[in-house]
């Protein structure tokens, strides 16, 4: 059984490689893609692309469907949701900074307005 | 020079390990932590914790400050922001589903209301 932590491990591990991230980004823009279409923009050979797809498939981030001689790859983005939920708790660190910036801008505005009176 | 892609590689690589994620989660709840305090809840030896801290430090996710014999570790969450931005483009997939679910619930409600008349 794959538990929540192991699923997160696999998702983050799949996202470590820039080629795998680029594959996911390509699939995000299209409904589905054949493997040769998918491999076209990359300066790597088809077997290397296949290996990346194996990792993405193991992480549950893509599905592959073989019909005749064509394999169709589709994005399955759901596991990324848990990764995002995990990261979200750190959001307060940078959004906090923005809040302070907004508060500062507001106080400056109030100051300017009081001078106008 | 470390470019944007390499920084993302390092951030995701740092997040692959559940112990490293747990270290970051502990640091999120405290301002700062000594290494021995940090290591306490983990069933691994101090040198193993130190190795994890090296990875986190290389990824720019923690800072270590040595004063006398005590090393103080602090969270530096900024690199996670880029990781979150990267993941955010996939958000529409699950929020889209929720939108469809909301639309479905609304149509059912309207149907129920029209029957009441």
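The values are calculated or read from the model by the stated rules, or taken from the named source; none is laboratory data. This structure is a prediction, so every number in the text was calculated from the model and none was measured. FYI the Cβ positions are ideal-geometry reconstructions off the backbone, even for glycines, and counts take in every protein chain you see.
A few remarks follow.
- Matching residues in the range B:75-85 - criterion: being within 7 Å of another protein chain (Cβ to nearest Cβ) and either touching a residue at least 24 places away in the same chain (Cβ under 8 Å) or at positive phi (or both): B:77, B:80, B:83
- Residue within the range A:16-24 that is under 30 Å from residue B:30 (Cβ atoms), out of contact with any helix residue (DSSP H, G or I) (no Cβ under 7 Å at 6 or more places or on another chain) and at the interface with chain B (Cβ under 10 Å from one of its Cβ atoms) present: no
- The single condition among (1) more than 14 Å from chain A (Cβ to nearest Cβ); (2) modelled with pLDDT under 90 that residue B:47 does not meet is (2).
- Subset of the range B:65-76 [part of a strand (DSSP E or B) and more than 15 Å from residue B:14 (Cβ to Cβ)]: B:65, B:66, B:67, B:70, B:71, B:72, B:74
- The one condition from (1) under 12 Å from the mean Cα position of the chain (by Cα); (2) closer than 18 Å to residue A:25 by Cβ that residue A:82 does not meet is (2).
- Residue A:72 meets each of the listed conditions (1) over 20 Å from the mean Cα position of the chain (by Cα); (2) free of Cβ contacts under 8 Å to residues at least 40 places away in the same chain apart from (2).
- Of the helices (runs of 4 or more DSSP H) contained entirely in the range A:1-64, those carrying at least 1 residues that are without any contact (Cβ under 8 Å) to a residue 12 or more places away in the chain and either in contact with a strand residue (DSSP E or B) (Cβ under 6 Å, 6 or more places away or on another chain) or more than 22 Å from residue B:19 (Cα to Cα) (or both) fall at A:18-29, A:35-39, A:46-58.
- Any hit, the range A:32-39, residues being within 13 Å of chain B (Cβ to nearest Cβ) and either surrounded by 13 or more Cβ atoms within 10 Å (Cβ to Cβ) or under 18 Å from residue B:93 (Cα atoms) (or both): no
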